[in-house]
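The values are calculated or read from the model by the stated rules, or taken from the named source; none is laboratory data. Bear in mind the structure is a predicted one, so any value in this text is a computation, not a measurement. FYI the Cβ positions are ideal-geometry reconstructions off the backbone, even for glycines, and counts take in every protein chain you see. Protein only, heavy atoms only, side chains kept; ligands, DNA and RNA dropped before computing areas. Shrake-Rupley method; radii C 1.70, N 1.55, O 1.52, S 1.80 Å.
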Amino acid sequence: MIAISDIRLCVVGLGYVGLPLAVEFGKVLPTLGFDRNPARIAELEQGRDQTLEVSAEELAEAGQLRFTAEPAAISACNVFVIAVPTPIDAAKRPDFGPLLSASETVAAALGKGDVVVYESTVYPGATEEVCVPILERGSGLRYNSDFFCGYSPERINPGDKEHRLPSIVKITAGSTPEAARFVDALYGRIITAGTFPASSIKVAEAAKVIENTQRDVNIALINELALIFERLDINTTEVLEAAGTKWNFLPFRPGLVGGHCIGVDPYYLTHKAQEVGYHPNMILAGRRLNDSMGTYIAATVIKKMLQKGIDVARSRVLVMGLAFKENCPDLRNTRVTDIINEFLAYGVTVDVHDPWVQPAEALSAYGISLVATPEPAAYSAVVVAVAHRQFLQMDIADLRGFCRPEAVVYDVKSLFPADQVDGSL
């Protein structure tokens, strides 16, 4: 196995997961950050990160980190950490495209004794069933004889400046006992919170995928409660605050469930479960409920507009927030688009405002042209969809300033007192 002092590390994929990883490793080891997007490499070489996960100062601190978009350049490395997305397709099936492509790139550079570590979220068994054969085929080397693998699932929380990579316990695993010790020691160089060595790659894969599945199911329960309480004319936030006085009540809140993890990862587990003959009722029920919330919110706003005598087909609505969560520019799998699309289906004109999102990215990803500044007194409804700090700093008068006199204000995130808005989850 490679001596720690001889490591020449390559991080493949420089997005929300890979870049913070490359920066931390670049502080202590010779590290090459690889991404196929030349524009991304140019941006990072200039000390800028459009994901806002890493500052210019942090990039500068990584004195041993270099960047490249050239696949041939990674052949000088002997440890590869693959940190690419694992999305789902239109049928909500695992899309291994990015992972397969990254594995092929690494396979072409793989040498005897090298180690490949995967961070991407997959179903239990996927690393060895899907990725390893590609590494073997592309390199001509034999698994666990000529090269070794590890798995250390990412736990990045975009936009979270408190829980950073070094301060989050890291699960590690390897394809042999020696590889497991190597992977654990590798991450031990950068993780101050400590590591948790799992007994196998499959166990580590399963641990990661259930972290987000558990959150998804719990949020689905609270979303369902919110739907019930709305029909009972009870404020959900007040109910949760009251119930939260019990020491073991879990503090989940209703809302849209999007992003690259919670809204996606459960489908990897359910896919594998069905492949082995088990139909996961609770997980899929939770997914269906959470995926329906955007449509429910838009329909509720439309109903309230009609109750106020607003001509919906001639109306203009402002949606505040497009990112999948607060205080970050991440648009991956945002469910705010479900609200927007439902409004458009009613013939409503929709303006979208998000101070965190790059307009070009919103246009490219969803065909949405953001408005830089909402127009005063122009909207028949305002939907606060994301709890960005800029919106938290507003008061209800600021919101009403965007509204026509009869307008509906719907507060998805319950940022404002219930008696000052026309509805909330």
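Miscellaneous remarks
- Any hit, the range 50-66, residues being of a type outside the set (V, I, T) and on the phi > 0 side of the Ramachandran plot: yes
- Contact map, the range 216-245: first residue open to solvent by less than 40 Å² (accessible area, probe 1.4 Å), second residue of a type in the set (S, T, Y) and assigned to a helix (DSSP H, G or I), Cβ cut-off under 6 Å, separation 6 or more or different chains; pairs are A226/T236; F229/T236.
- Every residue from the range 1-24 that is within 21 Å of E70 (Cβ to Cβ) and open to solvent by 20 Å² or more (accessible area, probe 1.4 Å): R8, G15
- Some residue of the range 337-344 being open to solvent by 40 Å² or more (accessible area, probe 1.4 Å) and within 20 Å of the chain's Cα centre (by Cα): no
- Residue ranges of strands (runs of 3 or more DSSP E) in the range 25-143 with at least 3 members polar (S, T, N, Q) and open to solvent by 60 Å² or more (accessible area, probe 1.4 Å): none
- For the range 80-92, taking the residues that are under 17 Å from the mean Cα position of the chain (by Cα) and in contact (Cβ under 8 Å) with a residue 24 or more places away in the chain, the one that is nearest to R288 (Cα to Cα) is identified as K92.
- Residues satisfying the stated conditions in the range 185-212, i.e. open to solvent by less than 40 Å² (accessible area, probe 1.4 Å) and either under 27 Å from G263 (Cβ atoms) or part of a helix (DSSP H, G or I) (or both): L186, Y187, I191, A198, I201, A204, E205, A206, A207, K208, V209, N212
- Filtering the range 144-184 to residues that are part of a loop (DSSP other than H, G, I, E, B) and farther than 24 Å from E104 by Cβ leaves R155, I156, N157, P158, G159, D160, K161, E162, H163, R164, I168, V169.
- Residue match in the range 116-133 (condition: touching a His at 6+ places or on another chain (Cβ under 7 Å), touching a residue at least 12 places away in the same chain (Cβ under 8 Å) and closer than 29 Å to I168 by Cβ): yes
- Failed criterion for A298 (all others in (1) in contact with a Ser or Thr (Cβ under 7 Å, 6 or more places away or on another chain); (2) in a helix (DSSP H, G or I) hold): (1)
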